[in-house]
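Each reported figure results from applying straightforward, stated rules to the coordinates on display, with no laboratory input. None of these values were measured; they are calculated from a predicted model. Note: ideal-geometry Cβ built from the backbone for every residue, glycine included; neighbour counts use all protein chains shown.
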Amino acid sequence: MYTRVSADIAERLAAIVGQDHVYTDKERLTPYTHDETPGLAAWPEVVVRPGSTEEVAAIVRLAAAERVPITPRGAGQGLSGGAVPTAGGIVLSLERMNRIVEIDHANLMVTVEPGVITGDLHRAVEAEGLFYPPDPASLDSCLLGGNIAEGAGGPRAVKYGTTKDFVAGLEVVFPSGEIVRLGGKLVKNVAGYNLVQLIVGSEGTLGIVTRMTLRLLPLPQAQVDLLVPFEDFQHAADTVSDIIAKCIVPTTIEFMEREVVKASERLLNKEVPFSDAAAILLIQLTGRRQEEVEADMEEVGDVCLDHGALDVLVAQDRPTRDRLWEARRVIIEALNHASPINRTEDVSVPRAEIPALLRGVHEIAERIGVQMLSFGHAGDGNVHVNLMRYDLPDDVWQERLVAAQRDLYRLALSLGGTITGEHGIGATRRGYLSEAIGAEAVAIMRAIKDAVDPLGIMNPEKVFA
Ligand SMILES: Cc1cc2nc3c(=O)[nH]c(=O)nc-3n(C[C@H](O)[C@H](O)[C@H](O)COP(=O)(O)OP(=O)(O)OC[C@H]3O[C@@H](n4cnc5c(N)ncnc54)[C@H](O)[C@@H]3O)c2cc1C
């Protein structure tokens, strides 16, 4: 059992970080009660905002000695409730640790603290001709520590992979309070178990990331963006798998169904080209040379037209490009606007199974009687299926939500996929982990958790049922 945060514990926390960085009053606790998961909230007893690794370690040692649970927190942009303090206790916010420590051109690496906003890192390295590819759609609000803890992806995963592919080294405060440095500025490193990758995607349940070394690439010099409308959503889905089968690797292939595009249009109060089409693909091609990118563009355009595309709109300059992408960037906000109660699902399947997945989603929606709107990273097999309540009565919604979620997960698993591609298990998908990966794999994960965090203080009530 856990200990409540007494006045004495709050005072000892203030002695570590300074009184200004300890919040206990309701007004300042409120923003830390939730993340971006609709309908999930819980009160922390105290919020602590350390400014250094040593302060993080001292807080963890105090929490371990007193058996107070800790929920690490980045920007609270998560979509599975990972940063919601469901067990009360301390929310440990990394927002003040926000320095870009070093951009190392000789090694193509950058060292950062966890509180750096992802988009700020993009801009800082791009100004020096370098490139950090992971690009969650929340990049102008989420923090790099949150990206590492979630193993975040983004549209550019088709070509470059996800956050996990760019982490070379980490500094971690483990639940004992020990500060451990893992990995380094190394391209090759096989000394022992890969603990760096154990921490990536561990959702704050194994320790707190306090510094990281990330890989960089040269900034691509050429870029073309395409908007491709289809009158049949299935044709759009078939096009995605055909592009991949032809061994063309765009940087992104994003998919949006008509109702999703319409919701974005309503939010933006602006027309999106071909918004009446059944589905739209947004395709980005990048490379070192313009000729190379244009050759790929011709080939991709031909595949799209062969599958019945209504048109292929090309954007070469920044303003046109931004206009094409605007509707995609605001989707989650637009869907929240259309139905404040909804659930974003995040299934992932082998890329060739995208057509079967989208067909199956339509079948489930019709059979169960709940709107399921699909959009997302079709090029890497990760589709966000949004279950919308609209005006369904609460009891009907709850029942249909559970049935539709269960059938969606089972559909993804039957296609060789999984229940979450980038948003994580967190608090919302715990009940399905065993079905997704098997009881044996869960038991191994549980044993790791118990070995690293025997008191169970690090982000309890997450990942495991
Ligand atoms: C509009 C919108 C679009 C999104 N698009 C994408 C997308 O394209 N791809 C994608 O992958 N996700 C996406 N997300 C989800 C979310 O933005 C990511 O999961 C992101 O990585 C969360 O970062 P954060 O800083 O907000 O983390 P938080 O929500 O604060 O925390 C997330 C988890 O990480 C843990 N944590 C945070 N910091 C640390 C740390 N330093 N050490 C240890 N644990 C830590 C927390 O305990 C929690 O479990 C989107 C969310 C929104 C709202």
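Each of Ala127, Gly89, Gly18 was placed along the dipole of the stretch 1-130 (beta-carbon charges, centred on the mean Cα), and the one lying farthest toward the positive end is Gly89. Whole-Hz Karplus values for the stretch 174-190 come out as 7, x, 6, x, 6, 9, 10, 9, 10, x, x, 7, 10, 7, 10, 6, 10 Hz, taken residue by residue from phi with 6.51 cos²θ - 1.76 cosθ + 1.60 and θ = phi - 60°; glycine and proline positions read x.
A cut-off under 14 angstrom between Cβ atoms defines the neighbours of Ala75, and their net charge, with Lys, Arg +1 and Asp, Glu -1, is -4.
Counting 0.36 nm for each residue step from Arg67 to Lys164 and taking away their Cα separation leaves a gain of 31.8 nm. With a sphere of radius 10 Å drawn around the Cβ of Glu203, what net charge do the other residues whose Cβ falls strictly inside it have (Lys, Arg +1; Asp, Glu -1)? So the surrounding residues net to 0. Extension gain, His337-His362: 0.36 nm per intervening residue step, less the Cα-Cα distance, totals 6.8 nm. Which percent, to the nearest 5, of DSSP beta bridges fully inside the stretch 36-162 are antiparallel? Antiparallel: roughly 40 percent of the beta bridges in the stretch 36-162. Calculated mean residue ellipticity at 222 nm for the chain: -11000 deg cm²/dmol, from DSSP H runs with n ≥ 4 weighted as -39500 (n - 2.57), summed, divided by the residue count and rounded to 500. Per-peptide packing, taken as the mean over residues of other Cβ atoms within 10 Å, places 315-324, 106-115 in the sequence 106-115, 315-324 from highest down. Here r is the Cβ-Cβ distance between Lys270 and Asp306 and R0 is 30 Å; the resulting FRET efficiency, rounded to 0.05, is 0.45.
Sorting the segments 202-210, 57-65, 274-282 by their mean number of nearby beta carbons within 10 angstrom, highest to lowest, gives 202-210, 274-282, 57-65. Each other residue within a Cβ distance under 13 Å of Ala65 adds +1 if Lys or Arg and -1 if Asp or Glu, for a net charge of +1.
Among Arg351, Arg406, the order by Cβ neighbours within 10 angstrom, fewest to most, reads Arg406, Arg351. The value of relative contact order for the chain, using C-alpha pairs under 8 Å at least six residues apart, is 16 percent. Between helix 258-268 and the chain, what is the angle of the helix's C-alpha long axis to the longest principal axis, kept within 0 to 90° and rounded to the nearest 10? Once rounded, the angle reads 70 degrees. Residue order for Leu130, Leu226, fewest other beta carbons within 10 angstrom first, comes to Leu130, Leu226. Against the chain, whose longest principal axis is taken from its Cα atoms, helix 439-452 shows a tilt of about 40°. At full extension, Glu326 and Ala124 could sit 70.5 nm farther apart than now, given 0.36 nm per residue minus the alpha carbon distance. Helix 290-306 axis versus longest C-alpha principal axis of the chain: approximately 70°, rounded to the nearest ten.
Here's the picture: charge each Lys and Arg Cβ at +1 and each Asp and Glu Cβ at -1 in the stretch 222-327, and of Leu267, Met297, Gly287 the one pushed furthest to the positive end of that dipole is Leu267. Does the stretch 222-327 come out rounded, prolate or oblate, given a ≥ b ≥ c as the square roots of the eigenvalues of its C-alpha gyration tensor, rounded meaning a/c under 1.5 and, failing that, prolate meaning a/b above b/c? The shape class here is oblate. For the chain, a crude dipole built from +1 on the beta carbon of Lys and Arg and -1 on the beta carbon of Asp and Glu, taken about the Cα centre, is about 1300 debye to the nearest 20.
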